[in-house]
Amino acid sequence: MPLETQVKSTRPGGSLTFDFVGNIAKVAVGIRAFNLSFGAGDEHHVETVGIQLISSYTNNALVVLVNATLDDDGGNNLLPDGSSVEVVAIAWTGIDNPDVTLANALDVANGQASSGIAVPCTTPLVRAALLSGFELSFGNTDHEVKVIEAGAGTAQSGSSVQVTASARMFDDSGNSATTATIDGGLLVSCDATLPFQVLATGDLQNTQRKLAFDSRINTFEALLTGFRVQYAGNTDHDVTTVGGVISIQSSDAGSATASGATYINDDSGNRQDDTLSHVTGVVVGYVR
């Protein structure tokens, strides 16, 4: 089966090269984990927080430039050595399969949908979105933060699928992000002969869940679809670090156990409320 996945990590500003076995026919990129930090002992208001993946491919090589931002209005920026982004690349290689769609949509605003992406059928066996980036900004000023959230979903009309967006950042004084967008990946399959499944994890905040797949499936990869972090105490604070992760804890043929967490903290011991925060994802399963 010419579906290939690879995972690599870099600090912000880094470039990743994914060398696949076959030439790339189509590809989607997503995020498995991110950690953005001003550095230990360093907390600030936030002006902008976000991640951007810029990808291009030639033959069997996919190159992804990873940009990330965490800054305030006073010139303080994230610490690259204390920050990281873990990228998942999903490629269909070799002879193209017209019944499979892998794509990415950029700059989808909160509550909106991307332009339609053509898919091979009206009732896909697989239809899933990935979170592949986000940008949240208060504009030309900064504030303490109460909530940061970003997520990707899908909507379909006929043989066209849109990536939908949820993206918000606000404090406890009525200030909200004036820029709130996401980038999203899209996975669609209409080929019933392919041992290829994508299952949603539901909320995995500091927990794990076992997912049941077709018994033939033996290879799994987890990707983020969304996260929300909210400080405890129903109030706002400065930020030292914000991040999220989803991963495979264990797997056997036909099943995979995924876990996840999302987090935020300052330098004064304030952290997220796990009952108000969440992290969601999908697990991609196929036969290698």
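So here's what we get for this one:
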{"read-out": "For the range 3-286: relative contact order, % (alpha-carbon pairs under 8 angstrom, 6 or more apart)", "value": "21 percent"}
{"read-out": "Label point distance in nm, N59-A40, each placed 7 Å from Cα along Cα→Cβ", "value": "4.4 nm"}
{"read-out": "Cα-based reach from K8 at 20 Å (exclusive), listing lysines while leaving out same-chain residues under 8 positions away", "value": "K26"}
{"read-out": "Electrostatic dipole magnitude of the range 103-197 [Cβ: Lys, Arg +1; Asp, Glu -1; Cα centre; debye, to 20]", "value": "400 debye"}
{"read-out": "Estimated vicinal HN-Hα couplings, Hz - the range 104-110 in sequence order (Karplus 6.51, -1.76, 1.60; Gly, Pro = x)", "value": "10, 10, 10, 6, 8, 6, 3"}
{"read-out": "Distance in nm between pseudo-label sites at S9 and L276 (7 Å out along the Cβ direction from Cα)", "value": "2.9 nm"}
{"read-out": "Over the range 1-123: Kirkwood hydrodynamic radius from C-alpha pairwise inverse distances, Å", "value": "16.3 Å"}
{"read-out": "Global form of the range 174-249, assessed from the alpha-carbon gyration tensor, a/c cut-off 1.5", "value": "prolate"}
{"read-out": "Rounded, prolate or oblate (a/c below 1.5 giving rounded, otherwise prolate when a/b exceeds b/c) for the range 64-116 by Cα gyration tensor", "value": "oblate"}
{"read-out": "Separation in nanometres of the label points that stand 7 Å from Cα toward Cβ, at S160 and T235", "value": "4.9 nm"}
{"read-out": "Overall dimensions of the chain as given by Cα atoms, namely Rg and Dmax in Å", "value": "18.6, 56"}
{"read-out": "Hull volume in cubic angstrom per residue (convex hull over the Cα atoms of the range 144-288)", "value": "123 Å³"}
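Computed from the coordinates by the stated procedures, all read-outs in this text should not be read as laboratory data. The structure displayed is predicted, hence computed values, not measured ones. Reconstructed Cβ throughout: ideal geometry from the backbone, glycine too, with neighbour counts over all protein chains shown.
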